[in-house]
Amino acid sequence: MRPKLETPFAILTMAAALLHFAGETYYHVLYGQPFPAYLVDLIAIGLMLLGSGSSLMRRDISSAGWIAAGWAFTLCLNYRSYFNRVYQKQAGGELDEPSVVLTILGVTLITNAVACLFALWLARPRRG
């Protein structure tokens, strides 16, 4: 059974994935990062687009599990990115990018956590 909130959440997920793609590509071009680091972000974006796209194209089934997978993978990447920078600053190191990047990562970490929990709630097993 498809949850009522899946369609609006799929639209939000697709918008977030496209924003993530734009932001990550901008960061990659501006600051340069190893391609494997960029590739894992593309995988996360792909999962989010796969889940949201399949949800929007097939209204007779639920794709909440795919959407949850995308948000969970993105949350893990965001968590790693944020805390690697926090630990680097705590150790007295300097960041290679402006400090606003750390602030953006902190805000997106909270947003990702809320979206991931909501996606997991949507994907929970239900009785027919």
| Of the criteria (1) buried (at least 17 other Cβ atoms within 10 Å of the Cβ); (2) among the acidic types (Asp, Glu); (3) modelled with pLDDT under 90, which one Glu24 fails | (3)
| So which of Gly51, Gly70, Gly32 is surrounded by 14 or more Cβ atoms within 10 Å (Cβ to Cβ) and either over 21 Å from Ala113 (Cα atoms) or under 10 Å from the mean Cα position of the chain (by Cα) (or both)? | Gly70
| task | Consider only pairs whose beta carbons are under 6 Å apart and that are at least six residues apart or on different chains; among these, list those whose first residue lies in the stretch 107-128 and is more than 17 Å from Ser81 (Cα to Cα) and whose second residue is assigned to a loop (DSSP other than H, G, I, E, B) and polar (S, T, N, Q). | result | none
| message | I'm checking my understanding of the structure. Among residues of the stretch 34-66 that are not in a helix (DSSP H, G or I) and not hydroxyl-bearing (Ser, Thr, Tyr), which one is farthest from Pro8 (Cα to Cα)? | response | Pro34
| query | Scanning for something of a type outside the set (A, V, I, L, M, F, W, C), modelled with pLDDT of 95 or more and surrounded by fewer than 17 Cβ atoms within 10 Å (Cβ to Cβ), does the stretch 105-125 turn up at least one residue? | reply | yes
| remark: Listed by first then second residue, the pairs whose first member lies in the stretch 1-29 and is of a type in the set (A, V, I, L, M), whose partner is surrounded by fewer than 13 Cβ atoms within 10 Å (Cβ to Cβ), with beta carbons under 7 Å and at least 6 positions apart or on separate chains, are Met1/Arg126; Met1/Gly128
| remark: Out of (1) buried (at least 17 other Cβ atoms within 10 Å of the Cβ); (2) out of contact with any His (no Cβ under 8 Å at 6 or more places or on another chain); (3) hydrophobic (A, V, I, L, M, F, W, C), the one Ala91 does not meet is (1)
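The values are calculated or read from the model by the stated rules, or taken from the named source; none is laboratory data. Keep in mind that this is a model prediction, so the values were computed, not measured. Backbone-built Cβ (ideal geometry, glycine too); neighbour counts: all protein chains shown.
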